[in-house]
Amino acid sequence: MDTTGANPQGIVVPPVEGVAGGGTSYGWNDGGGVHFSNSSLRGSIDPSEVSTSDLVHVWCLPSTANVGPQEIPSIHLEPINLLAARNERESVQIAIRPKATWGGAGSAGVVQVQCSDLTSTSGDRLVVGQSITLRRVVSILGVPDALVPLDLPVSQINLAPGETTALWFSIDVPSAQPQGQYEGELFITAIKAEAESPSQRLVKADRHQLYLELRNCLDIMESVEGKPSDEVVERGNSVTTSLRRVLLSPVFSELFTDNGPVDMMDEDVISNLSVRIKLNLTVWDFVLPATPSLPAVFGISDTVIEDRFGVEHGSDEWYEALDQHFKWLLQYRISPYFCRWGGNMRVLTYTCPWPADHPKSDEYFSDPRLAAYAVPYSQAVPGNNSAKDHLQKEIEILRTKSHWKKAYFYLWDEPLNLEQYDMVRNMASKIYAYAPDARVLTTYYCGPNDAPLGPTPFEAFVKVPKFLRPHTQIYCTSEWVLGDREDLAKEIVSELQPENGEEWWTYVCLGPSDPHPNWHIGMRGTQHRAVFWRVWKEGGTGFLYWGANCYEKATVPSAEISFRRGLPPGDGVLYYPGEVFSSSHQPVASVRLERILSGLQDFEYLQLYTSRYGRDEGLALLEKTGMYLGPERYTLEHMPIDVMRGEIFKTCRS
């Protein structure tokens, strides 16, 4: 699908240098000579007297499309038809582009977006704001990536002249939702910028929010004395961002209208002037398992949280911040772990910041959405016990629990030489002294470089399990090592002893690069989603991702996001602090994180199909639909995904 990058600031920029996809992965178009104005509308336009379809183009695109400001409108507006299992999220995008100008200076105009509940013929309902959410797609480095929440059931959106705005529409189907056909509508209506006058009905809560924003600006700048110059600049930038957000708040909407809470429109106005999008959803009887079939463990840097949010390690605020991040990520079928790196890539990992004898520990580890959890080798928060006593106590408590089977120890990230491999052995031996059935996970992409295990790098790599045994049970290898040689996965698996509990997991990071599946910004939407198609086809039993919030250091929550130098854009960053975009403290997902969820849901569909018809038939289905044949041969279009899911629906429904 030919799609484009996004830029809400109104600046047309070329693709970011170094973004994967060869510069064409999101169909960049500089818009040269392409105009979409409506020449039949001249002079001052009153949107209350003109059909919205005469003022804006509206069309729908799949969740795998990268929709940027130069996205060319579709001629036809088709109804949205979605298929979803229970306990599944399905998403689609709605694009809006002005044909004419009816707003003030610098604005094409304002549209109001309103959504109804989805109801079935039997009266069952999916409620707006609960099961139905709407987010605006915002660019990062000129590429559509951040999904900033909008108010529902109604929001106002300011449109920039000559640019396409994308909205991300999601439906979360509860596990107990009755199956059936659900219908609803979404209304898009052009309105006058001054139609609402929110400042005239500013309530105490709104005034309090403005006060907090301004008070925060003052707090940030009052404490700059003696700070390094670069931190002063960063704080100044943060204050600028906050003040700009205050100016764009509803109280000043008469002067400049942007997204904000609004009232429901009159039904007659909606009926006569709005663009109406029909929403049709088929909910079928398959329930995605609460516990994911594939453990997908993703790292969250605790030091990034400490620095950006100003929380002291081990404080009440620190526990609260980590708890928020953990619970928020669970909705994505991800099993989070917190991490901090030591010297030579030694890593401290832990899923629960509280010790095993704390009630929170059972709450975390017993959550059915958590497929695997990391047990810390040393204390996440220093206490009175020695390191040895702490490890023994943690293991003795956890081994008595039914969730112990989810536990693993992740001790070292990508050991490179004999000394580092020996460190893994020594640490694992201490763990086994207390728990012979413990699982140690080791990530690697090569054998020890100072003692080759084979005549070639790949042969040495394949021999790592024999070299590490019995000090590792989960052998987690980089997909980069395989290149496009999918058959090499069989050589890796042949070295393992599954009868002794050994498993093969995989990971991606800065590699593999385009065109292989990965999660870098600027890659195709299907390329993001295909990471878990690859895992399923190659037969991996788990997956690890090194970091979901590993952006550059900042000391204020609203500081601009910067990706780490030397890494591809987006590597290690799958969500953003909400404070960067608004006064909200909720994290903001990336489109890549949503596609990760979709890929994990696809994995469950393939597992269901295989349980009914066998793995060979599952592989044949991937080939027949053209969805995924290999790391360089997968669909660039969305249609094969719908065909695959539709086939599983037809053959597996009750």
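Of the residues making up region 156-183, those that are within 22 Å of Gly123 (Cα to Cα) and open to solvent by 10 Å² or more (accessible area, probe 1.4 Å) number 10.
Report whether or not Ala65 is small (Gly, Ala, Ser) and within 20 Å of the chain's Cα centre (by Cα).
yes
Before we move on, is Asp362 under 28 Å from Ser598 (Cα atoms), open to solvent by 10 Å² or more (accessible area, probe 1.4 Å) and either touching a residue at least 12 places away in the same chain (Cβ under 8 Å) or in a helix (DSSP H, G or I) (or both)? In short, no. Filtering region 307-349 to residues that are of a type in the set (A, V, I, L, M) and in contact (Cβ under 8 Å) with a residue 60 or more places away in the chain leaves Leu329, Ile334, Met345, Val347.
Just need a number here: residues in region 593-646 that are part of a loop (DSSP other than H, G, I, E, B) and either open to solvent by less than 20 Å² (accessible area, probe 1.4 Å) or in contact with a His (Cβ under 6 Å, 6 or more places away or on another chain) (or both). Looking only at that region, the number is 3. Restricting attention to region 629-654, the residues being among the β-branched types (Val, Ile, Thr) and more than 18 Å from Ser91 (Cα to Cα) number 3. Reported count of residues in region 81-105, each being in contact with a Pro (Cβ under 8 Å, 6 or more places away or on another chain) and open to solvent by 20 Å² or more (accessible area, probe 1.4 Å), is 4. Per the listing Leu83, Leu77, the residue uniquely more than 20 Å from Val143 (Cα to Cα) and assigned to a strand (DSSP E or B) is Leu83. Per the listing Glu502, Glu495, the residue uniquely touching a Leu at 6+ places or on another chain (Cβ under 8 Å), within 28 Å of Ser429 (Cα to Cα) and charged (D, E, K, R) is Glu502. Among the residues of region 326-342, the one identified as open to solvent by 10 Å² or more (accessible area, probe 1.4 Å), touching a helix residue (DSSP H, G or I) at 6+ places or on another chain (Cβ under 8 Å) and closer than 15 Å to Gly547 by Cβ is Arg340. Between Arg595, Arg633, Arg612, the distinction of being of a type in the set (D, E, K, R), at pLDDT 95 or above and within 29 Å of Tyr576 (Cβ to Cβ) belongs to Arg595 only.
When we screen Asp323, Asp316 for residues that are farther than 25 Å from Tyr434 by Cβ, surrounded by fewer than 21 Cβ atoms within 10 Å (Cβ to Cβ) and within 24 Å of the chain's Cα centre (by Cα), the only hit is Asp323. Comparison of Leu279, Leu243 shows that the only residue that is open to solvent by 70 Å² or more (accessible area, probe 1.4 Å), within 31 Å of the chain's Cα centre (by Cα) and modelled with pLDDT of 75 or more is Leu243. Does Lys466 satisfy the criteria of being assigned to a helix (DSSP H, G or I) and open to solvent by 40 Å² or more (accessible area, probe 1.4 Å)? Yes: the conditions hold for Lys466. For the criterion of being buried (at least 22 other Cβ atoms within 10 Å of the Cβ) and out of contact with any Gly (no Cβ under 9 Å at 6 or more places or on another chain), Gly570 fails.
Among the basic types (Lys, Arg), touching a Leu at 6+ places or on another chain (Cβ under 7 Å) and open to solvent by 10 Å² or more (accessible area, probe 1.4 Å), is that true of Lys406? Taking the combined requirement at face value, the residue satisfies it. If you check Ser562, Ser558, Ser478 for being over 23 Å from Gly626 (Cβ atoms), over 15 Å from the mean Cα position of the chain (by Cα) and open to solvent by 30 Å² or more (accessible area, probe 1.4 Å), only one passes: Ser562.
Consider Val347 carefully, then state whether it is touching a helix residue (DSSP H, G or I) at 6+ places or on another chain (Cβ under 7 Å) and among the β-branched types (Val, Ile, Thr). So Val347 fails the test. Of all residues in region 121-139, those satisfying the criterion of being open to solvent by less than 20 Å² (accessible area, probe 1.4 Å) and under 27 Å from His528 (Cα atoms) are Ser131, Ile132, Leu134, Val137, Ser139. Taking region 379-392 as the range and being surrounded by 14 or more Cβ atoms within 10 Å (Cβ to Cβ), in contact with a helix residue (DSSP H, G or I) (Cβ under 9 Å, 6 or more places away or on another chain) and not β-branched (Val, Ile, Thr) as the test, the residues that pass are Gln379, Ala380, Asn385, Leu391, Gln392.
Output the residues belonging to region 343-356 that are part of a helix (DSSP H, G or I) and either buried (at least 22 other Cβ atoms within 10 Å of the Cβ) or among the hydrophobic types (A, V, I, L, M, F, W, C) (or both). Within region 343-356, Met345 is the sole residue that qualifies.
Residues that are in contact with a His (Cβ under 9 Å, 6 or more places away or on another chain), among the charged types (D, E, K, R) and farther than 18 Å from Ile596 by Cβ within region 467-522 comprise just one, Asp484. If you go through region 414-461, how many residues are out of contact with any Phe, Trp or Tyr (no Cβ under 7 Å at 6 or more places or on another chain), acidic (Asp, Glu) and either part of a helix (DSSP H, G or I) or open to solvent by less than 50 Å² (accessible area, probe 1.4 Å) (or both)? Final tally of qualifying residues: 3.
The values are calculated or read from the model by the stated rules, or taken from the named source; none is laboratory data. Please read these numbers as outputs of a predicted model, since none were measured by experiment. Glycine gets a Cβ as well: all are built from the backbone with ideal geometry, and neighbour counts include every protein chain shown. Surface accessibility is based on the protein's heavy atoms, side chains included, excluding ligands, DNA and RNA. Shrake-Rupley method; radii C 1.70, N 1.55, O 1.52, S 1.80 Å.
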